[in-house]
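The values are calculated or read from the model by the stated rules, or taken from the named source; none is laboratory data. Quantities reported herein were computed from a predicted structural model and do not represent experimental measurements. Backbone-built Cβ (ideal geometry, glycine too); neighbour counts: all protein chains shown. To get the accessible areas, we keep the full protein, side chains included, count just its heavy atoms, and leave off ligands, DNA and RNA. Shrake-Rupley method; radii C 1.70, N 1.55, O 1.52, S 1.80 Å.
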Amino acid sequence: MSSLPTTVSDTRVLAGRNLKRIPRQPDLLIAYTVQPVMFVLLFVFVFGGAIDSGSFDYVDFLMPGIIVQSIAFGGFVTALGLSEDVQKGLIDRFRSLPMSRAAVLTGRTFSDVVLNCLSLVVLFAVGFAAGFNFIDSSVAQVLLGIVLLLLIGYAFSWIFALVGLFSSTPETANSIGFTLIFPLTFASSVFVPAQTMPDGLRQFAEANPFTTFSDALRSLWIGTPPHSDVWMSFVWVAVLTAIFAPLAVSRYRTVAAK
Amino acid sequence: MSDDAILVEGLEKSYGSVKALCGVDFAARSGSVLGLLGPNGAGKTTAVRILATLLEPDGGRAEVTGLDVRRDAAELRARIGLAGQYAAVDENLTGFENLEMVGRLYHLARPEARSRAQELIDGFELTDAAKRPVKTYSGGMRRRLDLAAALVYHPPVLFLDEPTTGLDPRSRLSLWDTIEGRVAAGTTVLLTTQYLEEADRLADRIVVIDHGRVIAEGTSDELKGEIGGERLDVRLEDPADAETAVSALTGMCIEEPKISDGSVSVAVRQRKGMVAEAVRRLDGAGIGIDDISVHRPTLDDVFISLTGQAADGDEADTQVPEEVSA
């Protein structure tokens, strides 16, 4: 087992490596910033008029949900990056070095946090431009919401780390992400209130953590009744991380170059 | 025995029902180059991956500088360098950044990692490209960088898995020079290759593996010696003279000359004076010679004879039935 200082130092080196790469991959950078912007504009102006969001303007209802979706998918960079590292044999190099076993993954998940901060700035900018306002929320509630978002992003980075390590190519990682995980975000209260859904789907949506996350942020940012969503969100984050981080690390130990 | 930097005994590894290694033994003395030779899928890469702690063996023993690949994996990793057939460097980092990163992951302090990176960049003639992302590099430059990354921490043992596969001849020669330089400095090298010329030039000892088993072992000369001496090939002006040529040459060769397609092939004990004598004999018999050449056995011949993949030649006969059943 590597000592903690070793793990921290290795994580820093690798997080730095991941961040250095980002501006050199313009396609990735564009996906990261333009895609969420497109989603906000699409939902606010195309679908928004036809969606009944109760007493709220749709943009106010939508922004917390769409930010949750974007931040959760921020970890997708990790899935793509790891599957590429496996495919190119870079993981072999790392595994043959006397470095921490967890650092390749913690380096990834921490650099995702930095990227997610960047993404938040872009999302807030486009949200405010589209007419979003905080309603009845204190500075502390806004900040708690941001902390929660970054933790959600972190938990999903581990899920995507596992996806990346199980994918033989970045293309496979891409299709797993967009056919299995992406639809999950739609079967939730991210875009529309769950009450409007038919039986069966509604119960599924209500149990979906994306609903819990979105509703938690709505209670923090636009003053909806809080229920248990905020603390349940933290529980979900802890549970997802506790399940997927060890799974990803154990997969990393045995993963072979394809 | 303590002199062996690499020691492998009874090594076994299966992938599902496929046996990649079925009890392989080999050893490399400290400071020597061991060539692992074999066709694709023979188990060479599996052996290297086990020694580099990337794969766990199913059975047997594997040690590097006396450290066990299972028990002492963490310590062992600080003693090895690995350069693979797929140049494992980050395409989006520059050459310098790649080497600095590897240095930092060996836990060198930043200034130390940077100066070592610069030293290697200069040593591997990558100075002009140091600040360019690796995706702009040629194949040869990538391999040099990959090898440089393996050498960051001055490892006493170096694993090179098909280091020159896919390289142009010029880059190959330059990489060979570099590897020879490391060996001269005392590094032990385990080299896997499909190129017999590469094994011939670099390896002190060669282990031939096929279907997960060691089928021959020795120096290049020993292996060549095992399949016989030199051969004289004579192409005749008129193929109809072949029988006459055989009787003219019979006295000077160690086994019955062979005829094929207008040529006569003669096994001789040593080449000295043989060409002149063959010419005299054939001339005396009034036979016209189109071409005459001396053929030394190469590692290719050894390889073909051992792995039974020969298209012609009797020496492979015993191996052929096994091939068919497989």
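Using a Gaussian network model of chain A in which every pair of alpha carbons under 10 angstrom is joined by a spring, one finds that among A:212, A:106, A:196 the greatest mean-square fluctuation is at A:196. The HN-Hα couplings worked out from phi for region A:154-159 by the Karplus form 6.51 cos²θ - 1.76 cosθ + 1.60 (θ = phi - 60°) are 5, 4, 5, 4, 5, 4 Hz, whole numbers, x standing for Gly and Pro.
Look at the stretch A:8-14: the mean tally of other chain Cβ atoms within 10 Å of its residues' Cβ atoms is 3. Normalised by the number of residues in chain B, the average gap of Cα pairs under 8 Å and 6 or more apart makes the relative contact order 18 percent. Here is how the number arises for chain B: DSSP H runs of 4 or more residues each give -39500 (n - 2.57), the sum is divided by the residue count, and the result at 222 nm is -10000 deg cm²/dmol.
Less than 5 angstrom separates the built amide H of residue B:93 from those of B:134, all sequence-distant by 5 or more or on a different chain.
Charges were assigned to the Cβ only: +1 to each Lys and Arg, -1 to each Asp and Glu. The resulting dipole of region A:80-173 about its Cα centre is roughly 300 debye.
Ignoring ligands, DNA and RNA and using a 1.4 Å probe, state the total buried accessible area between A and B in Å², rounded to the nearest 100.
Values: alone 11660 and 16180 Å², together 25410 Å².
In total, this chain pair buries about 2400 Å².
Note on chain A: dipole from Cβ charges, positive end direction compared against A:81, A:56, A:176; the farthest Cα belongs to A:81. Comparing B:31, B:59, B:212 in a Gaussian network model of chain B (Cα springs below 10 Å), the most mobile by mean-square fluctuation is B:59.
Computed from backbone phi with θ = phi - 60° and the Karplus coefficients 6.51, -1.76 and 1.60, the 3J(HN,Hα) list for region A:10-21 is 5, 4, 4, 4, 6, 5, x, 4, 5, 6, 4, 5 Hz; x is used for glycine and proline. Using only Cα positions of chain B, each an equal point scatterer, no hydration layer, compute I(q)/I(0) via Debye at q = 0.08, 0.10, 0.14, 0.15 Å⁻¹ and quote the log10 values to two decimals. For chain B at q = 0.08, 0.10, 0.14, 0.15 Å⁻¹, log10 I(q)/I(0) is -0.49, -0.69, -1.06, -1.15.
Within the shell defined by Cβ-Cβ distances under 15 Å, the residues around residue A:44 carry a net charge of -3, with Lys and Arg each +1 and Asp and Glu each -1. Taking every alpha-carbon pair under 8 Å whose residues sit at least 6 apart, region B:86-173 reaches a relative contact order of 35 percent.
Here region B:1-94 is treated as a sphere whose radius is the Kirkwood value from Cα pairs; by Stokes-Einstein at 37 °C and 0.692 mPa s it diffuses with a coefficient of 232 µm²/s. Given the options A:149, A:82, A:19, state which has the largest fluctuation in a GNM of chain A using a 10 Å cut-off (strictly under) for Cα springs. In this elastic network of chain A, the residue with the biggest mean-square fluctuation among A:149, A:82, A:19 is A:19. Entry note, chain A: relative contact order of 28 percent, from Cα contacts under 8 Å with a spacing of 6+ residues. Rounded to the nearest whole angstrom, the semi-axes of the ellipsoid equivalent to the protein assembly as shown, taken from the Cα gyration tensor as √(5λ), stand at 65, 25, 22, largest first. Solvent-accessible area of residue A:156, all protein chains in place: 10 Å² (probe radius 1.4 Å, heavy atoms, ligands and nucleic acids excluded). Averaged over the residues of A:97-104, the number of partner chain Cβ atoms lying within 10 Å of the residue Cβ comes to 5.
Each peptide in A:216-222, B:294-300 gets a packing score, the mean of other Cβ atoms within 10 Å over its residues, and the list from highest to lowest is A:216-222, B:294-300. Here the peptides B:197-206, B:258-267 are ranked by packing, the mean other Cβ count within 10 Å, and the order with the highest first is B:197-206, B:258-267.
Taking θ as phi - 60° and the Karplus parameters 6.51, -1.76 and 1.60, the scalar couplings of region A:22-37 work out to 4, x, 8, 10, x, 4, 5, 5, 5, 4, 6, 9, 6, 4, x, 4 Hz in sequence order, x denoting glycine and proline.
In the context of the full set of protein chains, the protein assembly as shown has a per residue accessible area of 44 Å² (1.4 Å probe).
For chain B, what is the percent of antiparallel DSSP beta bridges, rounded to the nearest 5?
Rounded to the nearest five, the antiparallel share is 65 percent.
Dipole size of chain A about its Cα centre, with +1 on Lys/Arg Cβ and -1 on Asp/Glu Cβ: approximately 1280 debye, rounded to the nearest 20. Annotation: amide H of residue B:20 within the under-5 Å range of B:13, B:14, B:15, sequence separation 5 or more or interchain, hydrogens built in the peptide plane.
Around the amide H of residue B:6, modelled in the peptide plane, lie the amide H atoms of B:28, B:65, all under 5 Å away and 5 or more residues distant in sequence or on another chain.
Measuring with a 1.4 angstrom probe and ignoring ligands and nucleic acids, residue B:182 comes out at about 60 Å² accessible.
Other protein chain C-beta atoms within 10 Å of residue C-beta, averaged over B:88-97: 5.
Remark: region B:160-205 carries a charge dipole of roughly 100 debye about the Cα centre, counting +1 on each Lys and Arg Cβ and -1 on each Asp and Glu Cβ.
On the protein assembly as shown, 57 percent of the accessible area sits on carbon and sulfur atoms, based on a 1.4 Å probe.
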